[in-house]
Structure formats: structure tokens, C-alpha cells
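A quick write-up on the structure given underneath.
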Amino acid sequence: MIFFFFFFQAEDGIRDAQESRGLGDVYKRQVSTQSTGDSLAINMATRVAALLLLWNATVVLGWTEEDWLESDKTPGLPNAPCLSGVAGVCGRPSSCQARLISGKCHGGSDNVCCIPNGAPGGNCLRGVVGTCGLPSGCAASLLVSGKCSGGSDNVCCQTLSTIRRRAPSSSLRRRAPSSSESCTGADLWAKVLNHPQITLASTHSSGKVDTANARQEVVDAAGGKRATRSAYYSGGQGPGGSTCLEPAMARFLLQLADEIGGVRVNEVAGGTHSTYSSHYAGHAVDVGSVGGARMTSGNPHIRKTLELCKANGADWQCSADKSLTKCSGHSSWTHCQWNKWKRELDKQTMRAKGWPSVL
């Protein structure tokens, strides 16, 4: 138990010129024109307030003498705002139940910045794994509204790794379309299947073997059926299930084969891709070869491939030639995608319902 002893002086204020610290300038010099009675009353009221403040900080908050010496609210000090404008308060790590950031408070490891959940730079609310902040600092596919405090300038940016590794439910993997469900464009996919200048891959680059390879998917589409999606993890989570293939992709492949030839299709809806990829919706195709050569940066047919892709309604393309497309990766294949912007809107619903249950 700690005992505090206080000695009160009857004169007006502290006489020395030393600045007070800790409690702040609690004992103020009195105006010389005040009457003696008024001065004593003011001093007594001030000292009672000081006692209450001292008791609250010492007993309730557990402050020590060092805390009092550094309690002048200067940013970076204990119980003061964090440095660099970070929306938090400096203090002991053990007293923080939110996000801790080092380097934003003065001192060592016993004084760190604690950012409240939902505040800018803090953890997202309602169990979402991510960080709150400006929308401009996060990829559009990862933004979630309503999970941070404040308005539209403070939104939740989900942690990508937690999304990619979320396995689909077993019920989704086993889900089969009804026998009456059919897809459009069967005649076009039948022409793709039988075109002599088109080769459809029967394996995945990951080495995984399933019925979601490009050849089997086109066989299913040619029969008016839904194409199977992969359900394994290899850099991205395959959602399983099935989907119809976009007929415009078939028209694009047929025109490419007729005008250039030597076309190899690596993936359609199978394999694993980035989270929420349009491949999983049957709206994207990866072309691995054109003119009998791989689609690396030196392939002279990349430009023509992209032109035909766009002419058949694609609204997003990626290739190994970075002078033509600005996507990262895709060093040995060309990616053509339909309905990209619709898919961006769909992602909001997908996240809300728990990806990939609405694919």
C-alpha cells in the first residue's frame, strides 16, 4: 500500500520560478489585486481538485512517479497522442487491447502506440482481418465498407492472404448443377473443340490433375453443360463447383486460329488464379501459344492477339509485352477477359456472402 502525504502552504502560490511538471501548473500564481479571502478560497479549491486528480491517476490508472513526470501531453510521451499524427495513444503494451505500432512513441518497448479498433491505422471491426485507412491505399478488390469508424475516408482493407487461403465449404465442392441447367454457345465451343489449329491443354501447369482442364471444359461446353472448376490450392484457391463459359471467348479463339493458327489454350475456368478471378466465372481464357510459339515477349503475334481479343468484346487483356499491356506477371501467356467491370461489382456481394459461395 502506498501512502501520500501533502503539506499545504497558506501563502499565495509557489514562489520559485521553476516550471511545475507532472500535474501541470496546478498551483498558479494569484493575481496580486485579489483579496486575501478570495485567494485562500481559490487555492483550497485548486488543491482539492489536484488531490482528486492525483488519487485517480495513482490508484485507478496505476501511474508511477515516472508517469507523472511525463504526463504533460506532449506527443510521444506516455498517455499522450502518438507521433506523426497517428490516431492512437502512447502507453504500456499490456494495457492495449487493439493494434500496437512501434516507433510512434518516445522511449523503448514500454511505451508504444495503441490504435483503437476501427480508427485510421487500426484493426477492422466485426472480426474482419484487415486495417482501416484511406480507400486510395488499398486495392479495390479488398475494400470493405462498414468495418471502420467514420465516413467514406476510413474503410477496411482486408488482408489478402486470409482471403486466398479461405477454403470453400465441402458442400460447395460437392454441389452439382441440376440436369435441366444448360449453357449457351454450345455450337461455337464444338467448333473450338474440332478446329485443327487449336490445341486444348489437358493438364495444369501446377501438375495437378482434375477434370477442370481446358480440354475437358470445352468438351462440356460443346455439350451445352457447365464447365468444372478446380478445387485445389496452388498460389490461389480454386473454388470448385462449375460455371458456364462465355461464348465470346469461343469466337475469339476461332478467329485467332483462322487468321494466325498454332493456338494453344492453357486455362479457361480451371487451375488456380487470383482471388475473385474472372476465370472462375467462365469469363477469361489464357492463351499459351500463337503461331506455334509461346506467348513470351518476343512473340510477334501478341499485338494481333490482343486486337482480336478486344474486337470480340474483351474489356481487359494482359500479356508478356509490357509496352502493350501494363499487368504484372503473364510472362509466357496472354490473358483475355470479358465482363471485368461487372465482376468488380460482383466482388462486393461475394465478400458480403462469403467467397466463393456465389460463384
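Data table
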{"quantity": "Some residue of region 35-46 being touching a helix residue (DSSP H, G or I) at 6+ places or on another chain (Cβ under 8 Å) and either in a loop (DSSP other than H, G, I, E, B) or modelled with pLDDT of 85 or more (or both)", "calculated": "no"}
{"quantity": "Residues of region 209-234 satisfying the condition of being assigned to a loop (DSSP other than H, G, I, E, B), of a type in the set (A, V, I, L, M, F, W, C) and touching a residue at least 24 places away in the same chain (Cβ under 8 Å)", "calculated": "212, 231"}
{"quantity": "Counted residues, region 301-331 - those being small (Gly, Ala, Ser) and open to solvent by less than 40 Å² (accessible area, probe 1.4 Å)", "calculated": "3"}
{"quantity": "Where residue 180 falls short, out of the listed (1) touching a Ser or Thr at 6+ places or on another chain (Cβ under 9 Å); (2) modelled with pLDDT under 60; (3) part of a loop (DSSP other than H, G, I, E, B)", "calculated": "(1)"}
{"quantity": "Residue selected from region 235-274 under the condition out of contact with any Gly (no Cβ under 9 Å at 6 or more places or on another chain) and in a loop (DSSP other than H, G, I, E, B), by the criterion most open to solvent (accessible area, probe 1.4 Å)", "calculated": "235"}
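Matching residues to (1) among the small types (Gly, Ala, Ser); (2) at pLDDT 90 or above:
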| site | (1), (2) |
| --- | --- |
| 196 | no, yes |
| 200 | no, yes |
| 203 | no, yes |
| 206 | yes, no |
| 209 | no, no |
| 214 | yes, yes |
| 224 | yes, yes |
| 232 | no, no |
| 235 | yes, no |
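The values are calculated or read from the model by the stated rules, or taken from the named source; none is laboratory data. If you're wondering where the values come from, they're calculated on a predicted model, not measured in any experiment. Using ideal geometry, Cβ is built from the backbone for each residue, glycine included, and neighbour counts are taken over all protein chains shown. Just so you know, the surface numbers come from the protein's heavy atoms only, side chains and all, with ligands and any DNA or RNA stripped out. Shrake-Rupley method; radii C 1.70, N 1.55, O 1.52, S 1.80 Å.
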